[in-house]
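Here the structure comes first, spelled out in structure tokens, and everything after it is commentary.
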Amino acid sequence: MTAPTPPPDEVDPAFVADATVEARGVSVWFGPKVALSELSCSFGAGVSGLLGPNGAGKTTLMRAITGLTRVNEGSVWVEGRNPRTDREVHHRMALVPEDEAVPPGLTARQFVRYIADLRQVAGREAPDTALGEVGLLDAADRRVDTFSKGMRQRTKIAAALVCDPQVLVLDEPLNGADPVQRAHLIALFRRLGAAGRTVIVSSHVLNEVERMAERVIVLVHGRLAAAGSHRAIRDAMDDTPRHVLVRCDDGRRLGAALVGLAAVTGLTFDPKRDGLVVQTLQARELAAALPRLARDASIRLHEVRPLDDSLESLFRELVR
């Protein structure tokens, strides 16, 4: 059975063309607790970040995508198949759970080989290849229960990679990793996405998602709060003022010129940053007008940068 073809959507950032994973009107509840409520979104090739505060429904959505959690209402499709009832799709998909999922007593190589045997992976070299991808070959014959948290996380990622999945679902995969390991894993996920895999990553470390994900899905209270690139989401929030730092060689004269612009809704001087903080609801108009004003007044601009254009500030605003 394949997924029904939905009616064509208007341009909707929650959906992507050529989606490999799709949720339509998904609701999941556990007794009186509603984990997901009428959630609709999709994922395609590349790296997508799944964000939200604790209890937002991220893990529930990932478990529904991989068929581990039953959907009470709506539908989930992975490559046109129902992951809850069609086991064939599991050959092309892997999950890295946040919770500990590595049995004690096994070495990293034994554990990854065990998963390879369960998944009927051909080739005895596959476990070592997967361990090499996450930088664990040197420790492959150590028992996993002697590993640090970050090393156990990398072991789980290797176990997921050993089956060469087209859809990779990772729940907080960077937990416990040191900065070098984090950079290595981020580069790995980006390579997998660039190779055409569908990589879905949840994380509470927002700047890391910003580094590795081209697209972001934000959940709040089990509902879709926002979707798209972090800047596209920020641009869509037209009723939320944006703050831009402007440093120049004559802030007083530039400030006087900026006050007359319709795009400027507020202006303050920040002594810590030694610059003007311009508040605007029309960032594009400000960006076009600022160089012209500075040139006409013979003022040299030293720095112009947004103060609230990071994924973290966006996330705080959406949750608020």
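The values are calculated or read from the model by the stated rules, or taken from the named source; none is laboratory data. Model, not experiment: these values are computed from the prediction. Methodologically, a virtual Cβ is constructed for each residue, glycine included, from the backbone with ideal geometry; neighbour enumeration extends over all protein chains shown.
Can you spot a residue in region 228-236 that is surrounded by 15 or more Cβ atoms within 10 Å (Cβ to Cβ), modelled with pLDDT of 95 or more, touching a helix residue (DSSP H, G or I) at 6+ places or on another chain (Cβ under 8 Å) and not assigned by TED's automatic domain parsing to the domain that holds Ala160?
no
Residues of region 118-131 being more than 17 Å from Pro165 (Cβ to Cβ) and at pLDDT 95 or above, which ones?
Scanning region 118-131 gives a single hit, Asp128.
Do you know which residues across region 217-257 are out of contact with any Leu (no Cβ under 7 Å at 6 or more places or on another chain) and more than 30 Å from Ser48 (Cα to Cα)?
Arg247, Asp249, Asp250, Arg252, Arg253, Ala256
Of everything in region 279-317 that's under 15 Å from Val259 (Cα atoms) and polar (S, T, N, Q), which residue is surrounded by the most Cβ atoms within 10 Å (Cβ to Cβ)?
Looking at the filtered set, the residue picked out is Thr280.
Write out, first by first residue and then by second, each pair whose Cβ atoms fall under 7 Å of each other, whose residues are 6+ apart or on separate chains, and whose first residue, in region 248-268, is in the same structural domain as Val278 (by TED's automatic domain parsing) and surrounded by 18 or more Cβ atoms within 10 Å (Cβ to Cβ) while the second is in a loop (DSSP other than H, G, I, E, B) and of a type in the set (D, E, K, R).
Close Cβ pairs satisfying both conditions: Cys248/Arg300.
If you scan region 35-92, which residues turn out to be part of a loop (DSSP other than H, G, I, E, B) and in contact with a Pro (Cβ under 8 Å, 6 or more places away or on another chain)?
Thr66, Gly67
Any idea which residue in region 93-117 is surrounded by the fewest Cβ atoms within 10 Å (Cβ to Cβ), counting only those that are assigned to a helix (DSSP H, G or I) and among the small types (Gly, Ala, Ser)? Walk me through how you get there before you give the answer.
Within region 93-117, the first condition is being assigned to a helix (DSSP H, G or I), and the residues that meet it are 108-117.
Imposing the further condition that a residue be among the small types (Gly, Ala, Ser) reduces the set to 108, 116.
Details: Ala108: 27, Ala116: 19.
If we take residues in region 93-117 being assigned to a helix (DSSP H, G or I) and among the small types (Gly, Ala, Ser), then Ala116 is surrounded by the fewest Cβ atoms within 10 Å (Cβ to Cβ).
Which residue, of Arg191, Arg253, Arg223, Arg284, is among the basic types (Lys, Arg) and either touching a Pro at 6+ places or on another chain (Cβ under 7 Å) or at pLDDT below 90 (or both)? So that I can check it myself, show each step before the final result.
On the way: Arg191 fails: either touching a Pro at 6+ places or on another chain (Cβ under 7 Å) or at pLDDT below 90 (or both); Arg253 fails: either touching a Pro at 6+ places or on another chain (Cβ under 7 Å) or at pLDDT below 90 (or both); Arg223 fails: either touching a Pro at 6+ places or on another chain (Cβ under 7 Å) or at pLDDT below 90 (or both).
Going through Arg191, Arg253, Arg223, Arg284 in turn, the sole match is Arg284.
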